[in-house]
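Read through the structure below, which is laid out as structure tokens, and then see the notes.
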Amino acid sequence: MTNWNVLRAAGIGSYVMLFLSVAWGLVSTTTPFGKWISKPSSTLVHQFMSTCGLFLLGVHVGALLIDGYMPFGFADLFVPMSSTYRPVAVTLGIVAMYALVVVIVASWLRKPIGTTWWRRTHLLAIPTFTLSLLHGVLAGTDSARSVMWWTYVGSGLVIVFLVVVRALTIGLRPERKALPAHARPAAEPATPAQVAEA
């Protein structure tokens, strides 16, 4: 597989994983879908998808840096409006890349930074997906292929649908599916001090 094929596959793969991560995040936290999904499992799946997307993004950018057919410099891929190849489209990808890094790093550091800042950074998820979609359509060499065109249209419509459902049910919180008794963690025995206080 040539470097050109690697960077294309990695770029498409990164977009698909980002789509799945955003869609899963919306589904798992929106009524009526979320009540069928346990929170611990949902979080693990969500983080796995986003981390895979970030890894594939790194492969995509790295392959572009060493590609001989269409060479990109460091500034072209990290400084907005520096690329001579479709500068607006590439800039959309650069901004999406930075936003994705912020969202994922904030997820990894959720406990240290606190829930408030974690929620604030997660507001970037939908804009990040939108920028990635536009970048793929405008900069991707495979955008003219019908399979990719429908991939972008289909994924975009799914996210729009989920956002609308989320907006209509914003005041409702999904009731999580309860864990069976044998799967629940056993309660720790009370200490002598706690017994005395009681």
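Rule-based calculations on the coordinates, nothing more; no lab input. It should be emphasised that the depicted structure is a prediction, and the values quoted were computed from it without experimental measurement. Cβ placement follows ideal geometry from the backbone for every residue including glycine, while neighbour counts extend to all protein chains displayed.
Is the C-alpha gyration tensor of segment 3-180 telling us rounded, prolate or oblate? Criteria: a/c under 1.5 is rounded; beyond that, a/b larger than b/c is prolate, otherwise oblate. It is prolate, given that a/c is not under 1.5 and a/b is the larger ratio. When the alpha-carbon atoms of segment 78-160 are used, the pair Rg, Dmax equals 14.8, 45 angstrom.
Projecting the Cα atoms of 33, 156, 131 onto the dipole axis of segment 3-180, where Lys and Arg carry +1 and Asp and Glu carry -1 at the beta carbon, places 33 farthest toward the positive end.
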